[in-house]
Amino acid sequence: MAATINLSLSPLLSTTQTQSNRISTTTDLIKSSKNLNEIKQLHAHFTKQGFNQDPGFLGKLIAKCSELGSYNSMEYAQIAFDSFCSGNEEGYDNTYKFNSLIKGYSLAGLFHDAVLIYVRMVVECVEPDGYTFPLILSACAKDGRFFTGIQVMGLALKWGFGDDVFVLNSVIHLYGECGEVDKARKVFDKMSERNLVSWTCLICGYAKSENAEEAVALFFEMVEEGVMPNSVTMVCVISACAELGDLRLAERVCDYIGKAGLKVNSVMVNALIDMYMKCGSMDKAKRLFEECVDRNLVLYNTVLSNYVRKRMVREALEVLGEMLSCGGPRPDRVTLLSSISASTEMADVFLGKQCHAYVLRNGLANWDSIGNAIIDMYMKCGSQEWACRVFDQMSNKTVVSWNSLIAGFMRNGDVEAAYRTFNEMPESDLVSWNTMIGGLVQQSMFEDAIHLFRVMQNEGIKADRVTMVSVASACGYLGANDLAKWIYNYIEKYEIHLDMQLSTALVDMFARCGDPSSAMKVFNKMKERDVSAWTAAIGAMAMEGNGKRAVELFYEMLREGVEPDQVVFVAVLTACSHGGLVGEGMEIFTSMKEIHGISPQIVHYGCIVDMLGRAGLLKEAVGIIKSMPMKPNDAVWGAFLAACKMHKNEEIATYAVDMISESSPDKAGIHVLLSNIYALGGKWTDVAKVRMSMKERGIKKNPGSSSIEVNGNVHEFTSGDEFHLEHTNICLMLDEMNCRVREAGHVPDLTNVLLDVDEQEKEFLLNRHSEKIAMAYGLISTSRRHPIRIVKNLRMCSDCHSFAKFVSKVYHRHIVVRDNNRFHFFQGGLCSCGDYW
């Protein structure tokens with residue numbers, strides 16, 4: 001039943017009362033009103049008493065409606081105001097009423113209406129006062145109406161409020177909320193008088209514009225000038241500390257809560273818990289959460305989202321359980337987003353379905369973000385059919401919904417469905433293209449990724465940093481150096497921000513394309529470098545065969561205080577292996593556990609076995625294999641067998657054969673190496689046994705292939721290839737090459753033909769290796785000043801290596817070959833590997 005108030009006011013409103021006493025009574029009654037119904041009753045009553053056109057009465061009525069700050073109260077206030085204006089032709093000072101309406105609309109979140117009231121005020125030539133401009137500037141700030149705010153600011157200057165501290169504070173607030181924090185700082189610096197609000201507005205502006213360091217620095221500058229913070233200041237600066245993740249700095253800031261004598265309210269508790277969790281002090285956050293008596297929904301959501309972000313899913317579910325079972329606040333869409341993310345992280349489709357059911361029961365399914373999260377959850381849990389069902393039932397399919405579905409298809413390897421969905425989209429955005437291109441790269445469909453990127457360019461869509469990271473990765477795997485240079489030029493031309501991730505991708509791209517000098521140029525230009533950037537640079541040197549420089553970079557990284565991870569150790573140990581730096585490699589390997597506290601994994605042991613094996617230290621390599629805390633995998637055995645083959649040590653290879661028979665890895669490379677070792681020793685019966693075993697197990701050897709990029713097109717050749725359009729010219733060039741390199745002293749190494757055929761047949765087969773065909777095509781298709789760049793899918797054989805050295809000398813060409821192990825840079829009859837590979 002609606003509340004009523006006692007309107008039996010005859011003693012108070014008798015005719016003997018003075019007009020001023022009656023107005024005073026009405027004012028008191030309006031102020032004491034608790035809701036809109038009471039205001040309406042009072043309005044009706046006093047209208048009968050003849051007060052409906054009294055300016056003072058209407059002003060208090062509108063102010064009270066505005067104080068309630070709801071849609072209905074503002075609608076009523078507007079009607080009352082319009083009625084008053086239409087019934088009074090005489091001019092009244094309406095500034096107070098206009099200010100009340102602007103304030104009320106802002107409180108109700110009806111910022112557009114607040115601006116319209118201000119416009120009406122200007123049109124009706126109502127003079128603003130010192131309250132008008134702060135109120136309307138605040139409304140513009142909250143609604144992100146930057147340009148409207150600028151116009152208001154211009155009028156404030158015109159009316160002489162340019163030095164008003166309250167107006168200037170509102171201008172700083174506007175700039176800060178709209179991301180123009182540099183302009184806010186200029187206003188702040190020019191202020192002749194500042195108060196706490198001035199400092200707080202700028203600190204909050206810095207914090208919201210991701211300038212957390214500036215926010216904290218300004219806070220300390222403020223307290224040094226003797227200005228103590230209030231609770232709003234503390235919440236802003238604590239949030240800035242949370243973004244920085246610096247616990248020590250955060251605790252210095254928090255000391256001022258006590259120094260300023262502030263009471264810790266629920267908003268500050270929420271900020272403190274968020275800060276502690278983001279700074280990694282989970283125990284302090286948990287203790288503060290447990291001590292908090294008034295745990296509201298915002299606090300629960302903060303704790304849940306942080307646990308999920310930290311991948312502490314069990315703890316997140318415990319908090320959710322407490323929230324649901326102990327009479328806690330009713331979960332909202334933010335709660336559900338965290339809960340769905342938790343089930344996604346755990347790949348727990350049962351929990352995900354429970355969340356989905358709660359969403360349906362509580363009418364939350366219409367929120368786009370919830371639907372998109374559920375699609376993502378089902379996709380990551382492998383329930384693609386359920387994801388599609390949720391998508392089909394969505395009433396409002398946004399671009400994000402389509403993108404979530406595409407990303408799920410790509411993640412599950414269903415490229416065809418991803419393409420189909422992408423083509424069916426009514427409207428795509430840059431994220432859609434990035435999702436497709438990135439997905440193709442993840443599926444190792446590098447040429448398709450580059451093709452789609454070109455389609456994107458043809459449609460006039462400008463790429464961003466995310467696009468270029470994927471494209472650079474695809475280019476790197478293809479080894480297309482001309483494309484790599486074009487990509488770099490594209491980034492410079494369109495001024496795409498080179499952040500640490502994109503710069504690292506470019507370093508890796510140039511390194512994989514056999515252009516280590518360009519890779520290092522990008523690396524040296526980087527202002528910030530994380531461990532991934534250093535890893536890419538060390539990898540570039542490893543691929544080039546410059547092990548010494550790779551080791552120098554590793555120690556330089558340590559001197560700069562960058563903590564190494566498992567991946568960078570793989571890169572530097574690989575560099576030591578390729579460079580024959582056994583002593584340096586063993587020292588770095590030992591330091592992993594003893595100095596850096598990183599337990600070597602099987603990949604690190606594989607690097608050491610490879611390094612010792614290349615150096616001919618096969619017995620030491622066996623010792624490492626025996627001492628490994630885990631079972632050797634095919635990569636370890638592959639490295640060891642390759643070393644046995646290289647050094648023609650059949651005796652030690654026998655040990656590996658016995659061990660491989662026990663572990664029985666089904667990798668083709670292992671069996672091919674075994675077959676090759678037997679073939680080198682002329683044991684053709686054992687060769688036949690290995691090949692028969694491969695056939696029985698369904699293991700197929702990858703055919704050797706080499707590709708070369710000419711004029712932006714990639715041409716791929718297999719051994720003995722006869723299908724290229726330029727086949728005749730390639731054969732003529734091969735014959736010429738063989739004659740010229742033989743005259744220069746090259747002697748074919750027939751041991752690389754591991755077949756039981758005569759020597760003439762061996763020499764013919766040797767001359768038709770895929771890298772030689774690619775070299776011949778490069779000679780007839782490119783100019784002398786253009787390097788010949790070849791990508792080989794298998795390890796380069798010793799004869800092709802020697803052949804390439806002679807070709808580089810005889811034809812005066814720079815030849816770059818990337819095999820599945822490293823780069824070889826041939827020039828003037830020499831190779832960058834120093835014949836050590």
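The values are calculated or read from the model by the stated rules, or taken from the named source; none is laboratory data. The model shown is predicted, which means the values in this text are computed figures rather than measured ones. So basically every Cβ, Gly included, is an ideal-geometry build from the backbone, and we count neighbours across all protein chains shown. Just so you know, the surface numbers come from the protein's heavy atoms only, side chains and all, with ligands and any DNA or RNA stripped out. Shrake-Rupley method; radii C 1.70, N 1.55, O 1.52, S 1.80 Å.
On the given criteria, is residue 746 part of a strand (DSSP E or B), crowded, with 16+ Cβ neighbours inside 10 Å, at pLDDT 65 or above and not aliphatic (A, V, I, L, M)? No, not satisfied. Here the helices (runs of 4 or more DSSP H) wholly within region 394-481 that include at least 1 residues being free of Cβ contacts under 8 Å to residues at least 12 places away in the same chain and not assigned by the TED database to the domain that holds residue 820 are 415-424, 446-458. Considering only region 183-199, state which residues are within 33 Å of the chain's Cα centre (by Cα) and under 14 Å from residue 225 (Cα atoms). Selection gives 199 alone. Taken over region 523-566, the criterion of being within 19 Å of residue 589 (Cα to Cα) and aromatic (Phe, Trp, Tyr) is satisfied by 534, 554, 555. Among the conditions (1) on the phi < 0 side of the Ramachandran plot; (2) more than 24 Å from the chain's Cα centre (by Cα), the only one that residue 261 does not satisfy is (1).
When residue 808 is tested against (1) without any contact (Cβ under 8 Å) to a residue 40 or more places away in the chain; (2) in contact with a helix residue (DSSP H, G or I) (Cβ under 7 Å, 6 or more places away or on another chain); (3) not basic (Lys, Arg), just one condition goes unmet, and that condition is (2). The set of residues from region 611-641 being open to solvent by 30 Å² or more (accessible area, probe 1.4 Å), in a helix (DSSP H, G or I) and within 22 Å of residue 567 (Cβ to Cβ) comprises 634, 635.
Here residue 527 clears all of (1) within 30 Å of residue 559 (Cα to Cα); (2) under 20 Å from the mean Cα position of the chain (by Cα); (3) assigned to a helix (DSSP H, G or I) except the condition numbered (3). Annotation note: of 413, 352, the sole residue that is out of contact with any Phe, Trp or Tyr (no Cβ under 8 Å at 6 or more places or on another chain), within 30 Å of residue 440 (Cβ to Cβ) and at pLDDT 90 or above is 413. Scanning region 125-149 for residues that are touching a residue at least 24 places away in the same chain (Cβ under 8 Å) and in a loop (DSSP other than H, G, I, E, B) turns up 126, 127, 128, 129, 130, 131, 143, 144, 145.
Among the residues of region 594-629, which ones are farther than 21 Å from residue 652 by Cβ and under 35 Å from the mean Cα position of the chain (by Cα)? Selection gives 594, 595, 596, 597, 598, 599, 600, 601, 603, 604. Does region 289-298 include one or more residues that are farther than 25 Å from residue 249 by Cβ and aliphatic (A, V, I, L, M)? The answer is yes, given that some residue of region 289-298 is farther than 25 Å from residue 249 by Cβ and aliphatic (A, V, I, L, M).
Here is a yes/no grid of residues against (1) under 30 Å from residue 227 (Cα atoms); (2) open to solvent by less than 40 Å² (accessible area, probe 1.4 Å); (3) more than 25 Å from the chain's Cα centre (by Cα); (4) of a type in the set (A, V, I, L, M, F, W, C):
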site	(1), (2), (3), (4)
282	no, yes, no, yes
291	no, no, yes, no
296	no, no, yes, no
326	no, no, yes, yes
338	no, yes, no, no
347	no, no, no, yes
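Within this structure, residue 213 fails the test of being touching a helix residue (DSSP H, G or I) at 6+ places or on another chain (Cβ under 9 Å), outside any helix (DSSP H, G or I) and either over 19 Å from residue 249 (Cβ atoms) or open to solvent by 70 Å² or more (accessible area, probe 1.4 Å) (or both). Picking from residues in region 324-335 that are modelled with pLDDT of 85 or more and assigned to a helix (DSSP H, G or I), the one that is farthest from residue 286 (Cα to Cα) is 333. Taking region 349-367 as the search range and keeping residues that are assigned to a helix (DSSP H, G or I) and surrounded by fewer than 16 Cβ atoms within 10 Å (Cβ to Cβ), which one is farthest from the chain's Cα centre (by Cα)? Among those that are assigned to a helix (DSSP H, G or I) and surrounded by fewer than 16 Cβ atoms within 10 Å (Cβ to Cβ), it is 361. Which one of these is part of a helix (DSSP H, G or I) and open to solvent by 10 Å² or more (accessible area, probe 1.4 Å): 532, 599, 577? The conditions single out 532.
Taking region 226-266 as the range and being outside any helix (DSSP H, G or I) and either aliphatic (A, V, I, L, M) or loosely packed, with under 15 Cβ neighbours inside 10 Å (or both) as the test, the residues that pass are 226, 227, 228, 230, 245, 260, 261, 262, 263, 264, 265.
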